[in-house]
Amino acid sequence: MWWFWRRGASGFSSSSTAEEVTHGIDGSGLTAIVTGASSGIGRETARVLALRGVNVVMGVRNMAAGRDAREEIVKEIPSAKLDAMELDLSSMASVRKFASNFNSSGRPLNILINNAGVMGTPFILSKDNIELQFATNHIGHFLLTSLLLDNMKKTARKSSREGRIVNVSSQGHQLTYNEGIRFNKINDKSGYNRYRAYGQSKLANILHANELARQLKEDGVNMTVNSLHPGVIATNLFRHNIISNGLMAGLGKLLFNSVQQGAATTCYVALHPQVKGVGGEYFSDSNLAEMSSKGKDVELARKLWDFSMNLVK
């Protein structure tokens, strides 16, 4: 498995951990939001950012789990600055409430990590009558980003520090429907495939990042937006598939990245100086990576932007 240890241009590889890729970086004075931070790579991302001095807000659907995660991190890192706030990405009302509460608190925002997600769910509609994976993985984060964008722009301008938005996508974005995004069939139960629907939502994460990066660059804003593949991690993301979940439990430690390795690319893109000024790119193993042809499709990205704007209105 020599390829697992092979380092890329950044000096890191798939075996690098989140602590390793942020070693020596001082995040003091920065504020970050991490969605889905009560478990898995979201929790590890929040922990490592806090370890580096970042003030972290953990967006969590289950507040009890969020408080437990926060207490565990603070017990390990007494100096950690963490808060847990309720956030259900499948509900636009919850997203609006979270963003309103955060913005009204007067806190600045330097880093937004859109990490939360669901995978391989049966066909279910969200509270807003949108297919659950598309609603949670893309629309919720699209709306959240839009509502926090003015805060981030203001923070970047006042602090003269680059703002960073990080969309946690997946290599699974390559396994989507033939048309990429089924704009007219998002809620079509008859043609639903749980894994292609997941791929569709992850492709949307990339297209969202690319189009927003283009807009910010055009406007001359000191912010970057990128997307990434965290690796195949043995987390509860597989809970909706009995076979995959069993495979993860039995072979996960042998075949897949650890949570510490899985959070590495997210922390690298969010904090590392090497990523300064880099926008509209896709990362894997803490290195630049190749996205699919659909991920590079500028017209598809613009069409998704308009489609998403209409949905959140």
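Table for the structure above
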| quantity | calculated |
| --- | --- |
| Residue check, Asn193 under 18 Å from Phe123 (Cβ atoms), surrounded by fewer than 18 Cβ atoms within 10 Å (Cβ to Cβ) and at pLDDT 95 or above | yes |
| Set Glu72, Glu76, Glu86: member being at pLDDT 95 or above, surrounded by fewer than 18 Cβ atoms within 10 Å (Cβ to Cβ), in contact with a Phe, Trp or Tyr (Cβ under 8 Å, 6 or more places away or on another chain) and not aliphatic (A, V, I, L, M) | Glu86 |
| Boolean, Arg164 is outside any loop (DSSP other than H, G, I, E, B), over 18 Å from Lys303 (Cβ atoms), in contact with a helix residue (DSSP H, G or I) (Cβ under 9 Å, 6 or more places away or on another chain) and of a type outside the set (Phe, Trp, Tyr) | yes |
| Filtered residue count, the stretch 81-112, keeping only those that are under 13 Å from Leu143 (Cα atoms) and not small (Gly, Ala, Ser) | 9 |
| Scan of the stretch 183-220 for residues that are among the hydrophobic types (A, V, I, L, M, F, W, C), under 15 Å from Met309 (Cα atoms) and not in a loop (DSSP other than H, G, I, E, B), ordered by number | Ala204, Leu207, Ala209, Leu212 |
| Hey, Gln133 of a type outside the set (Gly, Ala, Ser), modelled with pLDDT under 95, surrounded by 15 or more Cβ atoms within 10 Å (Cβ to Cβ) and closer than 26 Å to Ile41 by Cα or not | no |
| Spans of strands (runs of 3 or more DSSP E) in the stretch 20-104 with at least 3 residues within 19 Å of Val118 (Cα to Cα) | 31-35, 55-60 |
| In the stretch 268-305, the residues that are in a helix (DSSP H, G or I) and either in contact with a Gly (Cβ under 7 Å, 6 or more places away or on another chain) or closer than 23 Å to Phe142 by Cβ (or both) | Val269, Ala270, Leu271, Val275, Val298, Glu299, Leu300, Ala301, Arg302, Lys303, Leu304, Trp305 |
| Leu112 vs. criteria part of a strand (DSSP E or B) and over 25 Å from His208 (Cβ atoms) | no |
| Residue satisfying condition, being buried (at least 24 other Cβ atoms within 10 Å of the Cβ), touching a residue at least 24 places away in the same chain (Cβ under 8 Å) and closer than 21 Å to Val166 by Cα, within set Gly117, Gly29, Gly53, Gly40 | Gly117 |
| Only one of Ser10, Ser39, Ser94 that is among the hydroxyl-bearing types (Ser, Thr, Tyr) and more than 18 Å from the chain's Cα centre (by Cα) | Ser10 |
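Okay, residues lined up against (1) surrounded by 15 or more Cβ atoms within 10 Å (Cβ to Cβ); (2) closer than 20 Å to Glu290 by Cα; (3) modelled with pLDDT under 95; (4) within 13 Å of the chain's Cα centre (by Cα):
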{"residue": "Asn101", "(1), (2), (3), (4)": "no, no, no, no"}
{"residue": "Pro108", "(1), (2), (3), (4)": "yes, no, no, no"}
{"residue": "Thr121", "(1), (2), (3), (4)": "yes, no, no, no"}
{"residue": "Thr145", "(1), (2), (3), (4)": "yes, no, no, yes"}
{"residue": "Asn167", "(1), (2), (3), (4)": "yes, yes, no, yes"}
{"residue": "Phe183", "(1), (2), (3), (4)": "no, no, no, no"}
{"residue": "Ser201", "(1), (2), (3), (4)": "yes, yes, no, yes"}
{"residue": "Ala209", "(1), (2), (3), (4)": "yes, yes, no, yes"}
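The values are calculated or read from the model by the stated rules, or taken from the named source; none is laboratory data. Because the structure is a prediction, the values reported are computed rather than measured. When we count neighbours, we look across all protein chains shown, and the Cβ atoms used for this are built from the backbone with ideal geometry, even at glycine.
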